[in-house]
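I have placed the structure first, in the form of structure tokens, so that the comments after it can refer back to it.
The values are calculated or read from the model by the stated rules, or taken from the named source; none is laboratory data. Quick caveat: nothing in here was measured; it's all calculated off a predicted structure. Methodologically, a virtual Cβ is constructed for each residue, glycine included, from the backbone with ideal geometry; neighbour enumeration extends over all protein chains shown.
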Amino acid sequence: MRNDGELLLSLDLEDPRLDSERGCRYPSRVVFNTEKFLSLLEPLSLKCTFFTVGNIMRNHPELIAKVIAAGHELAWHSDSHRPLNEMSREEFRKDLWIAKDFEQQLGVPILGYRAPIFSLTPESNWAHEELGKAGFIYSSSILPAANPLHGWAGYGPEPRIAAGVVEIPMRPVKLGPWSVPVGGVYFRLLPRGMLFSAVRRSIASGEAIPTYFHPYDFDPDEEYYMHGGVNRNPLLNLLLYWNRRDALSRLKNLTNQSVRVSTYRDFALKVSQRALSPRPGPLL
Ligand SMILES: [Zn+2]
């Protein structure tokens, strides 16, 4: 399937301290960092998808109100950031009901889902069916590559419809012999010029390039502690702190260079409309 070339902007709104044994010794920085991110988007008139964890919705209602008031998309990132491989299907179903409770309370649609740490793999491919039943229209939960944490190498980069739900995998960009997703560590680590020209090339060829960021990606002053979700690997943990000082200016620069920036929901709607539209028949 061909896509209009565009950049899909997202923030995984979570507090990494809660996934770490030692993180809660330090003050929370999630509100400060997210507000900094919101302040970047506002003058640029950019809309972003905020894949948000339930404990943030519960503990920081004022922050969620700001996200909604600014016209961004609110989406679900699980209640407490448990990856799918640690949940049964039944637990996952209940987790999605919590999202629907928030939808009622907040009065805004929550139609998108992202599995923590891109943990939707062949072992949890029942997730799409559960998402569809709960009223979600899309998911962006698959890293279509081999990865030390989670990944589904054979899934492929194209968005497709699974059990009635649009899956938007983390399509990578080509960087010489490598394929890299645009976000997080990769976004901060790789040389800016090389990465940005790879993104521009992909967009010019009609691809939609998903991005992902976290509030901590923009925080050069966070205390050093072992984050959860990195298997206690010191190198992976070090990378989580790498070059955060440069991240906001990189993002501003990239969005200035991109033809179009969209939310995930707007893109998912386009994908499902295309799938529904009848193919033109032969001319008579
Ligand atoms: Zn996350």
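For the range 58-77, taking the residues that are part of a loop (DSSP other than H, G, I, E, B) and out of contact with any strand residue (DSSP E or B) (no Cβ under 8 Å at 6 or more places or on another chain), the one that is nearest to the ligand (Cβ to nearest atom) is identified as His60. Can you name the residue in the range 197-248 that is of a type outside the set (S, T, N, Q), assigned to a strand (DSSP E or B) and within 16 Å of the ligand (Cβ to nearest atom) and is also nearest to Glu21 (Cα to Cα) among such residues? Ranking the candidates gives Phe213 first.
Here Arg114 clears all of (1) within 16 Å of the ligand (Cβ to nearest atom); (2) in contact with a Gly (Cβ under 9 Å, 6 or more places away or on another chain); (3) at pLDDT 95 or above except the condition numbered (2). Within the range 97-116, residues that are assigned to a strand (DSSP E or B) sit with their Cβ atoms under 6 Å from residues that are more than 16 Å from the ligand (Cβ to nearest atom), at 6+ positions apart or across chains, in these pairs: Gly112/Tyr138; Gly112/Arg265; Tyr113/Leu131; Tyr113/Phe136. Annotation: Tyr225 fulfils all but one of (1) closer than 23 Å to Ile56 by Cα; (2) modelled with pLDDT of 95 or more; the unmet one is (2). Looking at this structure, is Met170 crowded, with 20+ Cβ neighbours inside 10 Å and under 24 Å from Val53 (Cβ atoms)? Considered against the rule, which asks whether it is crowded, with 20+ Cβ neighbours inside 10 Å and under 24 Å from Val53 (Cβ atoms), Met170 comes out as yes. For the range 54-97, the set of residues classified as under 25 Å from His227 (Cβ atoms) and among the aromatic types (Phe, Trp, Tyr) consists of Trp76, Phe92, listed by residue number.
Among the conditions (1) under 30 Å from Glu130 (Cβ atoms); (2) part of a loop (DSSP other than H, G, I, E, B), the only one that Tyr186 does not satisfy is (2). All of Phe218, Phe213 fail the test of being at pLDDT 95 or above, of a type in the set (Phe, Trp, Tyr), buried (at least 19 other Cβ atoms within 10 Å of the Cβ) and touching a Lys or Arg at 6+ places or on another chain (Cβ under 8 Å), apart from Phe218.
Just checking, does the range 2-24 include any residue being in a helix (DSSP H, G or I), more than 16 Å from the ligand (Cβ to nearest atom) and loosely packed, with under 15 Cβ neighbours inside 10 Å? Yes, the range 2-24 has at least one match. Residues in the range 90-101 include none that are closer than 18 Å to Thr263 by Cβ, in contact with a Lys or Arg (Cβ under 8 Å, 6 or more places away or on another chain) and not β-branched (Val, Ile, Thr).
Of all residues in the range 146-159, those satisfying the criterion of being small (Gly, Ala, Ser) and closer than 23 Å to Thr49 by Cα are Gly151, Gly156.
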